[in-house]
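Coordinate-derived values only; no laboratory data. Values in this document were obtained by computation on a predicted structure and should not be read as measured data. Here the Cβ positions follow ideal geometry from the backbone for every residue, glycine too, while neighbour counts run over all protein chains shown.
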Amino acid sequence: MSLLGTPKAKTHKGMDMAAIMRMAGEIEDIAEDGQVSASDIEDRAIDLGVPAAKLYAGLGLTPALSMRLEHATQVVVCTGGCQNYGALPCLNHLVDVRQARLEDDKSAFDIVPRNCLDRCLQGPVVELRSPAGTAVITDASPDLLDEALVELLDA
Ligand code: FES
C-alpha cells in the first residue's frame, strides 16, 4: 500500500497472516503447471469447510501461481489490504454469482485475486477486464458488482 493520503477507517476484519499463509499452502497443493482452476478452489474449499474466498485470498498472496482462465471476462479482486474494507464479502458474492450464472447457462467470468491494485485508499478495489476494456470499481460492494456485471455481461 504505497499511495499517499489519510487511510480510511477499517470497516471489516481481514484474515490474519497465518490464515492467509495456510490458504496459500492449500493453493500450492492443488496447483498444476503453475495454475489453479476455479473448480479445484471450490472443491478444496468444501473439503476444508471454508469459504472459497479465503482460498482465493491465499492465491492472491502466491504470485508464482495464477488462475486458469476459462472466460473472456475476468473480475480481478484485491485480496490484500482491501480485506479491511470488505473485499472478502465481495469475493464471496462473486463466487456465488459466478456459480449461479454457470448453472443458468449465462456468460460467466473468472475470479482473479491480486494482492494490490494500487488504489489502496479506495478499497475494496475490483477491476472488470473484458475484450471491451477495463473498468475499475472502487469502494466496491456486492450491489455495485451486481450492477456492473449485469451491464457488462447481459447488456
Ligand atoms: S490494498 Fe492496494 S488496492 Fe487493495
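Structure notes:
- Neighbour-count order for Val77, Val95, fewest beta carbons within 10 angstrom listed first: Val95, Val77
- Among beta bridges from DSSP that stay inside the chain, the antiparallel ones total about 60%.
- Cα-based shape type of segment 17-154, given that a ≥ b ≥ c are square roots of the gyration tensor eigenvalues and the cut on a/c is 1.5: oblate
- Student exercise, the chain dipole from Lys, Arg, Asp, Glu Cβ charges, in Debye to nearest 20: 740
- Too-long pairs where the Cα-Cα distance tops 28 Å, listed order kept, from Lys10/Lys54; Lys10/Lys106; Lys8/Lys106: Lys10/Lys106; Lys8/Lys106
- For the chain: relative contact order, % (alpha-carbon pairs under 8 angstrom, 6 or more apart): 25
- Ordered by the number of other Cβ atoms lying within 10 Å of each residue's own Cβ, fewest first, Asp47, Asp105 fall into the sequence Asp105, Asp47.
- Counted by neighbouring Cβ atoms within 10 Å, the residues Thr73, Thr11, Thr79, Thr6 run from fewest to most as Thr6, Thr11, Thr73, Thr79.
- Highest mean first, the peptides 53-64, 30-41, 110-121 sorted by other C-beta atoms within 10 Å per residue fall in the order 53-64, 110-121, 30-41.
- Ranked by how many other beta carbons lie within 10 Å on average, peptides 98-104, 81-87 from highest: 81-87, 98-104
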